[in-house]
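The values are calculated or read from the model by the stated rules, or taken from the named source; none is laboratory data. As the structure is a computational prediction, the values presented were derived from the model and not from experiment. Note that we place each Cβ from the backbone using ideal geometry, even for glycine, and neighbour counts take in every protein chain shown. To get the accessible areas, we keep the full protein, side chains included, count just its heavy atoms, and leave off ligands, DNA and RNA. Shrake-Rupley method; radii C 1.70, N 1.55, O 1.52, S 1.80 Å.
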Amino acid sequence: MFVLSIIKDTVAVHPSNFGVPPEQALTNELNKKYANRVLHDVGLCVCVFDLSEVGEGKIRYGDGFLWYKVIFRLVVFRPFLSEVILAKVKSSDEDGIRLTVGFFDDMYIPLIYLPEPSAFDPNERSHFWLAGSETTSIHELLDSPVAERMYIDAGDVLRVRVEADEFYDDEPGPPKATEGVQQAREMRRPPYTITCSIAEQGLGPVSWWKDAGVEAMDEG
């Protein structure tokens, strides 16, 4: 789920930090720049792991900052494809289920990756699985006895398999104008999304597979 990525950068240390050990000052500046930021085709940056190489600090004319060329290792959140991880249900709608791991919640389970047969209950705002049923009609599924449904509710901890991830680099650009009327900017997509599946045996709410020895995430 977490990997180490090697990054090269040039970092400025403010004069107020000249009394701080260079390694600590550089780590602080790098964390300010990268923490909680998505790097395209890399993942969600978490924190600096260590500094591999640090060049000699140089002062640029006019700003008083001490500039360093550094190579460092960064802890990055990017589950690999087919990895099985634990995540909580954040919300559900007619298109699928949105998940969260606490610090990242652009994770989704589309309808095609739900166990069959499944349906979305608009009253409960949750998807449910009708285990052992051969019913395929949505209407028949929604007419099934509630006691027989296995709901996937908000807050449930799921065991999911990573099927795909996508990076987007949508530049906001200026608002469009049509015939002199300014139009609002289009909604931007999340810079990084993960698609997951619970369509296999052993995946889905941990409570479904207690006998398999799956451990739940800590609460909070």
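Odds and ends about this structure:
- One residue stands out among those in the stretch 163-195 that are out of contact with any strand residue (DSSP E or B) (no Cβ under 9 Å at 6 or more places or on another chain) and small (Gly, Ala, Ser): the one that is modelled with the lowest pLDDT, which is Gly180.
- Any hit, the stretch 47-64, residues being touching a residue at least 12 places away in the same chain (Cβ under 8 Å) and closer than 19 Å to Pro191 by Cα: yes
- Breaking point among (1) at pLDDT below 90; (2) touching a helix residue (DSSP H, G or I) at 6+ places or on another chain (Cβ under 9 Å); (3) among the aliphatic types (A, V, I, L, M), for Val157: (1)
Residue-by-condition table, conditions (1) of a type in the set (Gly, Ala, Ser); (2) modelled with pLDDT under 95; (3) surrounded by 13 or more Cβ atoms within 10 Å (Cβ to Cβ):
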residue: Val75; (1), (2), (3): no, no, yes
residue: Ser92; (1), (2), (3): yes, no, yes
residue: Ile97; (1), (2), (3): no, no, yes
residue: Pro117; (1), (2), (3): no, yes, yes
residue: His127; (1), (2), (3): no, no, yes
residue: Ile152; (1), (2), (3): no, no, yes
residue: Arg161; (1), (2), (3): no, no, yes
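- Considering the conditions (1) small (Gly, Ala, Ser); (2) touching a residue at least 60 places away in the same chain (Cβ under 8 Å); (3) over 25 Å from Val48 (Cα atoms); (4) open to solvent by less than 50 Å² (accessible area, probe 1.4 Å), Ser82 is excluded by exactly one of them, (4).
- Just one of the listed residues (Val20, Val48, Val11) is of a type outside the set (Asp, Glu), assigned to a loop (DSSP other than H, G, I, E, B) and surrounded by 11 or more Cβ atoms within 10 Å (Cβ to Cβ), and it is Val20.
- Of the strands (runs of 3 or more DSSP E) lying entirely inside the stretch 57-165, those containing at least 1 residues that are under 15 Å from the mean Cα position of the chain (by Cα) span 66-77, 84-93, 96-100, 107-110.
- Sole exception among (1) closer than 30 Å to Ala131 by Cα; (2) outside any strand (DSSP E or B); (3) of a type in the set (A, V, I, L, M, F, W, C) for Leu26, by number: (1)
- Only one entry of Gly62, Gly57, Gly43 meets the criterion of being small (Gly, Ala, Ser) and closer than 30 Å to Pro79 by Cβ, and that entry is Gly43.
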